[in-house]
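Below you'll find the structure, written out as structure tokens, and then a few comments.
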Amino acid sequence: MRRIYFLCTGNSCRSQMAEGYARQMLAAEVQSAGVEAHGLNPMAVQVMAEDGIDISHQQSTLIDPEFFAGADLVVTLCGDAQDRCPTIPQGTHHLHWDLPDAAQAHGDQAAILEMFRTVRDQIKQEIQTLAD
């Protein structure tokens with residue numbers, strides 16, 4: 001079975017959403033992690049639930065060197081993760097999706113939720129591309 005690792009800075013939003021979609025849409029062993037652990041963002045949980053995906057049980061974790069070394073595909077979801085993640089092992093496929101950090105969105109609640117939904121939809125489209 002294919003192993004896919006989604007990485008971002010804090011493993012709170014983007015990589016968590018990618019893990020949630022990938023678990024539903026891909027036939028693969030999937031995990032997510034961060035170069036730091038910031039905790040699962042409740043707005044990420046909320047917007048994923050709007051699309052029928054429950055990520056509330058997921059946890060923010062640091063990169064697991066063992067899973068990283070055995071991954072077939074590593075996807076970085078931000079420039080910080082791409083710059084700070086360990087060297088991708090030879091033979092491991094790497095994709096980079098440079099997505100905005102919804103956790104850094106500014107404005108009122110509606111504007112922030114809209115940013116989370118936009119990022120969620122971009123991630124869903126990327127996962128669908130992987131599924132195809």
- Looking at (1) part of a helix (DSSP H, G or I); (2) surrounded by fewer than 20 Cβ atoms within 10 Å (Cβ to Cβ); (3) touching a strand residue (DSSP E or B) at 6+ places or on another chain (Cβ under 6 Å); (4) not aromatic (Phe, Trp, Tyr), find the lone condition where residue 37 falls short. (1)
- Message: Exactly one condition in (1) surrounded by 13 or more Cβ atoms within 10 Å (Cβ to Cβ); (2) modelled with pLDDT under 95; (3) more than 15 Å from the chain's Cα centre (by Cα); (4) over 23 Å from residue 1 (Cα atoms) is false for residue 92; which is it?
- Response: (4)
- Going by the conditions given, is residue 74 among the β-branched types (Val, Ile, Thr), touching a residue at least 12 places away in the same chain (Cβ under 8 Å), within 19 Å of residue 30 (Cβ to Cβ) and in contact with a Phe, Trp or Tyr (Cβ under 8 Å, 6 or more places away or on another chain)? yes
- Note on the structure: Picking from 69, 49, the residue that is loosely packed, with under 15 Cβ neighbours inside 10 Å, in a helix (DSSP H, G or I) and touching a Pro at 6+ places or on another chain (Cβ under 6 Å) would be 69
- Filter the stretch 21-34 for residues that are hydrophobic (A, V, I, L, M, F, W, C) and closer than 25 Å to residue 132 by Cβ; the one that is surrounded by the fewest Cβ atoms within 10 Å (Cβ to Cβ) is 27
- Message: Going residue by residue through the stretch 52-63, is there one that turns out to be under 15 Å from residue 9 (Cβ atoms) and surrounded by 17 or more Cβ atoms within 10 Å (Cβ to Cβ)?
- Response: yes
- Message: I need the full set of residues from the stretch 10-34 which are in a helix (DSSP H, G or I), touching a Leu at 6+ places or on another chain (Cβ under 8 Å) and within 19 Å of residue 115 (Cα to Cα), in order please.
- Response: 14, 15, 16, 18
- When residue 62 is evaluated against the numbered criteria (1) farther than 25 Å from residue 2 by Cβ; (2) in contact with a strand residue (DSSP E or B) (Cβ under 9 Å, 6 or more places away or on another chain), which criterion, by number, is the only one it fails? (1)
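The values are calculated or read from the model by the stated rules, or taken from the named source; none is laboratory data. Every value quoted in this text rests on a predicted model; they were computed, and no experiment measured them. Methodologically, a virtual Cβ is constructed for each residue, glycine included, from the backbone with ideal geometry; neighbour enumeration extends over all protein chains shown.
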